[in-house]
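The structure appears right after this line, and notes come after that.
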Amino acid sequence: MHSMPFGATLLDDGGGVRFRLWAPDVPSLQLQLEESGGPRRLPMEARDGGWHELAVPEARAGTRYRFLLPDGLAVPDPASRFNPEDVHGPSEVIDPHGYAWADSGWRGRPWHEAVVYELHLGTFTPEGSYAAAMQRLPELAELGITAVELMPLAEFPGRRGWGYDGVLHFAPEAGYGRPEDLKRFVDEAHRLGLMVLVDVVYNHFGPEGNYLHAYCKPFFNPAHQTPWGAAINFDGEHSATVREFFVSNALYWVEEYHFDGLRMDAVHAIADDSATHIAMEVGRRLRAGPGRFRQVHLVLENDANTARFLERDEQGQPTGADAQWNDDFHHAAHVLATGQRDGYYADYAEDPVATLGRCLAEGFAYQGDPSPFRKGEPRGEPSAQLPSMAFVSFLQNHDQIGNRAFGERISDLGPSQRLDALYACLLLSPHIPMLYMGEEYAAAAPFLYFCDFGPELAAAVSKGRREEFGGFEAFKSEEARASIPDPNAEATFTVSRPDWEERTREPHARRLALIRQLLALRRQWITPRLAGMGSGGKHRVEDGLLQVVWRLGDGATLRLAAHFGAEPAARPPLAGQVVFELRAEGELQPDGVIVTLENVDG
């Protein structure tokens, strides 16, 4: 169980609760206990280094509390384990030993077995709860999913949101249920053989409910300015305490909730000039802590394509993170599927087939290359030396759907035949594949950006959302921008729920059958051969015919031929076991795919 230097800790043998807060900007604090007869206030003891502490013998699990500042402002605990009345309400003492786990035999799964399914708990089911989501886990396991990735759970303002505006990093969102409900969800996932990852946001706090500026200015470093103001202080004076707060948070989710790993949001937006970047420190501390006893993984989102965060040691083990979301793969595939070339898709428009091939073979498309979208600025680092499993690739994720004005899914934007070919490239490659909830059956529901801020902030967000698209030709007029759904409207949230009954109807049933087939083939032919795989592969493109070859960990050779040209192509000479064929009778038709394995005994 994780022992935190922050927040409320139950003392041994019924000795009450110790409360701690780092508040270096105020000389004194009071602990405010929220009791049935009204709030009771107790002076806290000032300690060295800006800490304030108090042990309360009569406090127990379930006690609700706040910290009272000298100016009368009552604030929740920034390390609250639960905030049942939202971000402005009191925190609740939670007994970390209060849930009886049933997964004592669970040791996780190796990363090469990961098939990731990203989901948003609030819209995954009509109920929007941990308990309801748990009921759907058997279907995911049966489909061939091995890892469920939850969008952020840190308590965020209001009843609905994506989770990236969280402000209480240790408190799982109360709108989805209580902490024991989340633990029960993870327990059931492990019973089914599913890993569970959770998305954490260490680059900023949300704009509502963050009170740290009122008593703890050293938590931020004004030397680094971000879109959210002064950056979180990972490298300035007093940064050691701040870094420990976030490292503790990473360990907390893995140790206290038995998560199998984290996905670290927008690492490129973290300002950290220290000798060891916070992402690398989190990875090392996870492996040195819970990673000694079971498989624990770290995945990054990093638009800068910082390949050194993904390097392996001499034993092939990650020195930082296991993998990174590969946006380059998505963007190249999106251009191929839809023909869209505006915005950042311009970087992938010149030759999307070759760009997709480089992604499949080497990981990143941009490995220090100049980016036209960024006015020629170089982006990325060389990645061909990394194993393919260092890249989480996908055709959709929450951002790439929800950042569109109307939240359209790829199945609404690209022809089914082309998407079938791209799904084969994704799911039968050595990359770690990821699907977004409902993608397996081409769900018709959009996934829109939604939130639930207070009135003043809500109006600003709604206006900003519509102005954001003003640079696009389709939204030049005020009337067109007014048609963009209001993020704060409840209807924007409810329309984003997938309809699970679609799975039994066409064309959804056909897509589900294809995804099921591809995942079964991956499980049979590819996954068992990935362990020990070294660097990536090689690719070439001729007249729209993409060919990629990889040497797998067991010495077998995996070959992929995918034809994206307009006319049929001669069937390429391929030897060995045919794993999959699509539109490959005689000649290789447009959007045809052949996947083979050679030296399967080697």
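Of (1) in contact (Cβ under 8 Å) with a residue 40 or more places away in the chain; (2) of a type in the set (S, T, N, Q); (3) assigned by TED's automatic domain parsing to the domain that holds Arg136, Thr557 satisfies all except one. Which?
Just one mismatch for Thr557, condition (3).
Starting from residues that are acidic (Asp, Glu), modelled with pLDDT of 95 or more and loosely packed, with under 14 Cβ neighbours inside 10 Å, keep the ones in segment 465-514 and report whichever is farthest from Gly158 (Cα to Cα). Spell out how you get there, then give the answer.
First pass over segment 465-514, keeping only residues acidic (Asp, Glu): 467-468, 473, 478-479, 486, 490, 499, 501-502, 506.
Those still in the list that are modelled with pLDDT of 95 or more too: 490, 499, 501-502, 506.
Applying the additional criterion that residues be loosely packed, with under 14 Cβ neighbours inside 10 Å yields 490, 501, 506.
Numbers: Glu490: 11, Glu501: 29, Glu506: 37 Å.
So the residue we want is Glu506.
Looking at segment 546-602, which of its residues are among the charged types (D, E, K, R), under 16 Å from Leu336 (Cβ atoms) and under 32 Å from the mean Cα position of the chain (by Cα)? Quick ask: steps written out before the conclusion?
Narrowing segment 546-602 to residues among the charged types (D, E, K, R): 551, 554, 559, 567, 571, 581, 583, 585, 587, 591, 598, 601.
From what is left, the residues that are under 16 Å from Leu336 (Cβ atoms) are 583, 591.
Listed by number, the list holds a single entry, Asp591.
Any chance segment 291-312 includes a residue that's assigned to a helix (DSSP H, G or I), on the phi < 0 side of the Ramachandran plot, outside the structural domain of His431 (by TED's automatic domain parsing) and over 23 Å from the mean Cα position of the chain (by Cα)? Working first, answer last.
Applying the first criterion (assigned to a helix (DSSP H, G or I)) to segment 291-312 yields 291-292, 307-310.
Okay, now just the ones that are also on the phi < 0 side of the Ramachandran plot, so 291-292, 307-310.
Of the ones still in play, those that are also outside the structural domain of His431 (by TED's automatic domain parsing) are 291-292, 307-310.
The next check asks that each one be over 23 Å from the mean Cα position of the chain (by Cα); those that pass are 292.
Yes, that holds for at least one residue.
Considering each residue of segment 72-104, count those that are without any contact (Cβ under 8 Å) to a residue 60 or more places away in the chain and either among the polar types (S, T, N, Q) or outside any loop (DSSP other than H, G, I, E, B) (or both), and give that number.
Restricting attention to segment 72-104, the residues satisfying the condition of being without any contact (Cβ under 8 Å) to a residue 60 or more places away in the chain are 72, 74, 89-90, 92, 100, 104.
Retained after the next criterion (residues that are either among the polar types (S, T, N, Q) or outside any loop (DSSP other than H, G, I, E, B) (or both)): 74, 92, 104.
Here the count works out to 3.
Restricting attention to segment 189-196, does a residue exist that is hydrophobic (A, V, I, L, M, F, W, C) and over 30 Å from Glu127 (Cβ atoms)? Walk me through it before giving the result.
We begin by selecting, within segment 189-196, every residue hydrophobic (A, V, I, L, M, F, W, C); these are 189, 192, 194-196.
So of that shortlist, the ones also over 30 Å from Glu127 (Cβ atoms) come out as none.
No, segment 189-196 contains no residue that is hydrophobic (A, V, I, L, M, F, W, C) and over 30 Å from Glu127 (Cβ atoms).
Please indicate, with yes or no, whether at least one residue in segment 166-175 is more than 18 Å from the chain's Cα centre (by Cα) and either aromatic (Phe, Trp, Tyr) or assigned to a loop (DSSP other than H, G, I, E, B) (or both). Reasoning before the result, please.
First, pick out the residues of segment 166-175 that are more than 18 Å from the chain's Cα centre (by Cα): 174-175.
Now narrow it down to the ones that are either aromatic (Phe, Trp, Tyr) or assigned to a loop (DSSP other than H, G, I, E, B) (or both): none.
No, segment 166-175 has no match at all.
For Gly38, work out the one condition from (1) at pLDDT below 95; (2) surrounded by 12 or more Cβ atoms within 10 Å (Cβ to Cβ) it doesn't fulfil.
Of everything listed in (1) at pLDDT below 95; (2) surrounded by 12 or more Cβ atoms within 10 Å (Cβ to Cβ), Gly38 misses just condition (2).
When you check Glu180 against the structure, is it at pLDDT 95 or above, assigned to a strand (DSSP E or B) and either in contact with a Leu (Cβ under 8 Å, 6 or more places away or on another chain) or assigned by TED's automatic domain parsing to the domain that holds Gln400 (or both), yes or no?
no
Here is a list: Ala444, Ala405. Which entry is in the same structural domain as Leu143 (by TED's automatic domain parsing), closer than 20 Å to His120 by Cβ, at pLDDT 95 or above and touching a Ser or Thr at 6+ places or on another chain (Cβ under 9 Å)?
Ala444
Condition check ((1) touching a Gly at 6+ places or on another chain (Cβ under 7 Å); (2) within 22 Å of Ser91 (Cβ to Cβ); (3) not in a loop (DSSP other than H, G, I, E, B)) across all residues:
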site	(1), (2), (3)
Asn221	yes, no, yes
Glu244	no, yes, yes
Val247	no, yes, yes
Met280	yes, no, yes
Arg284	no, no, yes
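Considering Leu435, Leu426, which residue is out of contact with any Lys or Arg (no Cβ under 8 Å at 6 or more places or on another chain), within 16 Å of Ile401 (Cα to Cα), touching a residue at least 40 places away in the same chain (Cβ under 8 Å) and not assigned by TED's automatic domain parsing to the domain that holds Arg583?
On the way: Leu426 fails: within 16 Å of Ile401 (Cα to Cα).
Exactly one of Leu435, Leu426 is out of contact with any Lys or Arg (no Cβ under 8 Å at 6 or more places or on another chain), within 16 Å of Ile401 (Cα to Cα), touching a residue at least 40 places away in the same chain (Cβ under 8 Å) and not assigned by TED's automatic domain parsing to the domain that holds Arg583, namely Leu435.
Could you please give the count of residues in segment 353-386 that are touching a residue at least 40 places away in the same chain (Cβ under 8 Å) and not aromatic (Phe, Trp, Tyr)? Lay out the reasoning, then the answer.
Within segment 353-386, the first condition is being touching a residue at least 40 places away in the same chain (Cβ under 8 Å), and the residues that meet it are 353-354, 356-358, 360-364, 366-367, 379-386.
Remaining after also requiring not aromatic (Phe, Trp, Tyr): 353-354, 356-358, 360-363, 367, 379-386.
Residues in segment 353-386 being touching a residue at least 40 places away in the same chain (Cβ under 8 Å) and not aromatic (Phe, Trp, Tyr): 18 in total.
Across segment 15-71, which residue is farthest from Glu244 (Cα to Cα) among those that are of a type in the set (Ser, Thr, Tyr) and in a loop (DSSP other than H, G, I, E, B)?
Of the residues in segment 15-71, the ones of a type in the set (Ser, Thr, Tyr) are 28, 36, 63, 65.
Those still in the list that are in a loop (DSSP other than H, G, I, E, B) too: 28, 36, 63.
Numbers: Ser28: 23, Ser36: 35, Thr63: 26 Å.
Checked segment 15-71; the qualifying residue farthest from Glu244 (Cα to Cα) is Ser36.
Of the residues Glu440, Glu456, only one is of a type in the set (D, E, K, R) and surrounded by fewer than 20 Cβ atoms within 10 Å (Cβ to Cβ); which? Lay out the reasoning, then the answer.
On the way: Glu440 fails: surrounded by fewer than 20 Cβ atoms within 10 Å (Cβ to Cβ).
After ruling out the rest, the residue left standing is Glu456.
The values are calculated or read from the model by the stated rules, or taken from the named source; none is laboratory data. The shown structure was predicted, so the numbers you read here are calculated from the model rather than taken from an experiment. Counting neighbours? That spans all protein chains shown, and the Cβs are built from the backbone with ideal geometry, glycine included.
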